[in-house]
Amino acid sequence: MGDLPVVLGGTSLRAGKAWPRWPQWDAAERAGLLGVLESGDWWTGAGTEAAAFATEMAHFHDARYGLAVTNGTHALEAALVACGVGAGDEVIVPALTFVATATAVLAAKATPVVVDIDPDSLCIDVDAAEAAITPRTRAIIAVHVAGAACDLDALTDLCTRRSVQLVEDCAHAHGTRWRGRGVGGFGSFGTFSFQASKLMTAGEGGAIVTNDDTLRARAQSYINCGRVEGEHWYHHATYGTNLRMTEWQGAVLRAQLARFPEQHRVRNDNARLLDGAIAEIPGLRPQGQDARMDSQGRYCYVFHYDAREFASLPLDAFEAALAAEGVVHDVSYPSLSRLALFRHESYARTWSVPRAERAASSTVWLEHRMLLAPSDDVLDIARAAARIHAHAGAVAREAADRRAC
């Protein structure tokens, strides 16, 4: 029984063992929150925590300027508006991403144009992006999926040649580095999310980073009601809205950022160890990683799944078998082409993105908190997968029987 998967009556590899919790916090967050409370300066117009965090985050990613905002979705919206995106414009986005990458384009009154992905890394296919450029294209949003950097050399070259703005969606990529530099500063803007599941979190929150003075000022105006820095408080020069982060969030995120480098090191060390173990199992291979990427943010640990090597066991049944072993998994984003939003007559588009649609149904996404466990615990993930592979025929028959009931 010891070698059988749990779904066949075996004993869980993780019996009696728990994964690290998420989020993580300690006295640093408490002290920061108490400091804001006692200061009475609870909003960014009076306090310093949110602005200090944004600057620290920008510098951590080798960018000159940082702005703190309400969330990652609003960070994308503000970046696009500051880039001059508006009605009549098109913005190219990858098919495999969270819906906000595309809805931020709609919020800027522009049209998202969805293109396919690289089947290995799951990031935007640069050739597909170039083929989609039209006279109406104003920007490309490149998503660093699960922290894996897009081909930033090719993207920056493309955007320069075709006079298109590049916005890096770094919601998954805290700490990802490309050729020795933090992602986010290669394009016009980089945007980050600090929602509860992210690698640093205050429950919600976002940040924008840039190296351009003019773009920074435009984004700052948009997120602060159209105000102009240094002008009268009630001078509103352009349309803007209120997307300011609170001081509470800024205080928490400063503590999260201080703790992050060590967490990042542990996640990367354990992910590399897991990569080797996963690669030894027939039918599984780790997400592709470009050799020019120095480190990966690891929002999720992702690997590809080939059901043919598992007796045609469907992906959801494989994930259920992993969960029974105590392996905490998430699910892939669906391809944007499959979302009801973009099938509605108001937004209906015909997009051919077969690689994204296949990736959404053939990749396994695991929660990043597991990578913070001791290395031998992390290897339980591969052991669980190997156990399922060794009994794949029986597991597939059991899954088929359950579906038939």
To make sure I understand, if each residue's beta carbon is the centre and we count other beta carbons within 10 Å, what order do Glu262, Glu204 fall in, fewest to most?
Glu262, Glu204
For region 27-255, report the translational diffusion coefficient in µm²/s to the nearest whole number, using Stokes-Einstein at 37 °C, 0.692 mPa s, and a Kirkwood Rh over Cα pairs.
187
Can you give the log10 of the normalised intensity I(q)/I(0) at q = 0.13 Å⁻¹, computed with Debye over equal Cα scatterers of region 221-318?
-0.74
Springs between alpha-carbon atoms under 10 Å, Gaussian network over the chain: tell me which of Phe303, Phe60, Phe342 tops the mean-square fluctuations.
Phe342
Spread of Cα-to-Cα distances over 5 Å intervals beginning at zero, given as percent, for region 90-160
3, 18, 31, 26, 17, 5, 0
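Treating only the Cβ of Lys, Arg, Asp and Glu as charged (+1, +1, -1, -1), what charge dipole size does the chain show about its Cα centre? Round to the nearest 20 debye.
300
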Between the helical axis of 392-404 and the dominant principal axis of the chain, each derived from Cα atoms, what acute angle in degrees is found, rounded to the nearest 10?
80
At a 10 Å Cβ-Cβ cut-off, how would you order Ile124, Ile208, Ile141, fewest neighbours first?
Ile141, Ile124, Ile208
Taking Rh as the Kirkwood radius computed over C-alpha pairs, what is the Stokes-Einstein D of region 289-405 at 37 °C in a medium of viscosity 0.692 mPa s, expressed in µm² per second?
201
Answer check: the chain, Cα atoms, Kirkwood Rh, Rg/Rh ratio of 1.00
Proxy reagent accessibility, fewest Cβ within 10 Å first, across Leu13, Leu8
Leu8, Leu13
For the chain, what is the mean residue ellipticity at 222 nm derived from helices alone (per DSSP H run of n ≥ 4: -39500 (n - 2.57); sum divided by total residues; nearest 500 deg cm²/dmol)?
-11500 deg cm²/dmol
Under the rule that a partner needs its Cβ under 4.7 Å from the first Cβ, which Cys of the chain have none?
Cys83, Cys159, Cys170, Cys225, Cys300, Cys405
Where the only charges are on Cβ atoms (+1 Lys, Arg; -1 Asp, Glu), what is the dipole of region 260-404 about its Cα centre, to the nearest 20 debye?
480
Pairwise centroid distance, computed over Cα atoms, of region 39-55 with region 318-380, Å
36
Have a look at Gly276, Gly184, Gly66 and tell me which one the Gaussian network model of the chain (Cα, springs below 10 Å) gives the largest fluctuation.
Gly276
For region 350-405, how big is Rg over Rh, using alpha carbon atoms and the Kirkwood form of Rh?
1.12
Everything considered on the Cα gyration tensor (a ≥ b ≥ c; rounded for a/c under 1.5, else prolate if a/b is larger than b/c, else oblate), region 1-40 must be described as prolate
Take the Cα atoms of region 218-264, find their three principal axes, and give me the spread along each one in whole Å, biggest first.
44, 18, 17
Any chance you could give the angle, 0 to 90 degrees and rounded to 10, that helix 49-60 forms with the longest Cα principal axis of the chain?
70
State the antiparallel share, in %, of DSSP beta bridges confined to the chain, rounding to the nearest 5.
60
Mind telling me which of Tyr239, Tyr305, Tyr65 comes out most flexible in a GNM of the chain, alpha-carbon contacts under 10 Å?
Tyr239
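Just so you know, all these numbers are worked out from the coordinates, no wet-lab data involved. Computed from a predicted structure; not experimentally measured. FYI the Cβ positions are ideal-geometry reconstructions off the backbone, even for glycines, and counts take in every protein chain you see.
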